[in-house]
């Protein structure tokens, strides 16, 4: 028997209860941390099905899920069913908030932004870190913004706290400014180099204790 069964009233109740408590969805009932990156893309936290319906009425065609997919968790089961019911395209794209992006992820992000059906809504769990990383890449690649300007998407305005472990995302761009930019390389060319090592970048990064406390212990972000 599937752990989260939406075909029965009891199964749906259990799924929503798990989503509400274990995924901290009660915090997102009235707060979406939603921001327009451009007229065609909104970044937000994990949406409830009723919030997806609200975005659908405003023209959204695609939901980009940055938490990954293909597994049975309450958030994913509810989102997948809501997208089916609303005739929304669900695009699953796994990215980490505590790892430097890999070469494959950066290349795949460019392809995603070139091929997805817009308008789109893009989310992770809190809408702060993974959504921030991908919004920087989107703004730099698709909008053509200078990387330093695009990096405004990684900031406290969207509740990103770079002093914690998630600061490795900011550090990745800082390494580019130190190593790639002086050589005249674009960020994407720098990442594509054979010696780009996302594991080394993570190992070189040092997170602040208080940011880690807030993100990991108090807010319990992914």
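The values are calculated or read from the model by the stated rules, or taken from the named source; none is laboratory data. As the structure is a prediction and not an experimental result, all values here were calculated from the model. Here the Cβ positions follow ideal geometry from the backbone for every residue, glycine too, while neighbour counts run over all protein chains shown.
If I filter region 93-108 down to residues being in contact with a helix residue (DSSP H, G or I) (Cβ under 9 Å, 6 or more places away or on another chain) and surrounded by fewer than 16 Cβ atoms within 10 Å (Cβ to Cβ), which single residue comes out as modelled with the lowest pLDDT? Write out each step before concluding.
Let us first name the residues in region 93-108 that are in contact with a helix residue (DSSP H, G or I) (Cβ under 9 Å, 6 or more places away or on another chain), namely 93-103, 105-107.
Those still in the list that are surrounded by fewer than 16 Cβ atoms within 10 Å (Cβ to Cβ) too: 94, 103, 107.
Details: 94: 95, 103: 98, 107: 98.
Going through the qualifying residues, I end up with 94.
Considering only residues that are without any contact (Cβ under 8 Å) to a residue 60 or more places away in the chain, in contact with a helix residue (DSSP H, G or I) (Cβ under 9 Å, 6 or more places away or on another chain) and more than 21 Å from residue 135 (Cα to Cα), which ones fall in region 53-78?
53, 70, 75 - these are the residues of region 53-78 that are without any contact (Cβ under 8 Å) to a residue 60 or more places away in the chain, in contact with a helix residue (DSSP H, G or I) (Cβ under 9 Å, 6 or more places away or on another chain) and more than 21 Å from residue 135 (Cα to Cα).
Restrict the check to region 117-131 and report whether at least one residue is at pLDDT below 95, part of a helix (DSSP H, G or I), out of contact with any strand residue (DSSP E or B) (no Cβ under 6 Å at 6 or more places or on another chain) and over 17 Å from residue 39 (Cα atoms). Show your work before the answer.
Applying the first criterion (at pLDDT below 95) to region 117-131 yields none.
The answer is no, given that none of the residues of region 117-131 is at pLDDT below 95, part of a helix (DSSP H, G or I), out of contact with any strand residue (DSSP E or B) (no Cβ under 6 Å at 6 or more places or on another chain) and over 17 Å from residue 39 (Cα atoms).
Listed here are the residues, each with its yes/no results for (1) surrounded by fewer than 17 Cβ atoms within 10 Å (Cβ to Cβ); (2) farther than 17 Å from residue 66 by Cα; (3) in contact with a strand residue (DSSP E or B) (Cβ under 8 Å, 6 or more places away or on another chain).
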{"site": "5", "(1), (2), (3)": "yes, yes, no"}
{"site": "12", "(1), (2), (3)": "yes, yes, no"}
{"site": "32", "(1), (2), (3)": "no, no, yes"}
{"site": "36", "(1), (2), (3)": "yes, no, yes"}
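Look through region 27-52, keep the residues that are in a helix (DSSP H, G or I) and within 26 Å of residue 133 (Cβ to Cβ), and return whichever of them is modelled with the lowest pLDDT.
27
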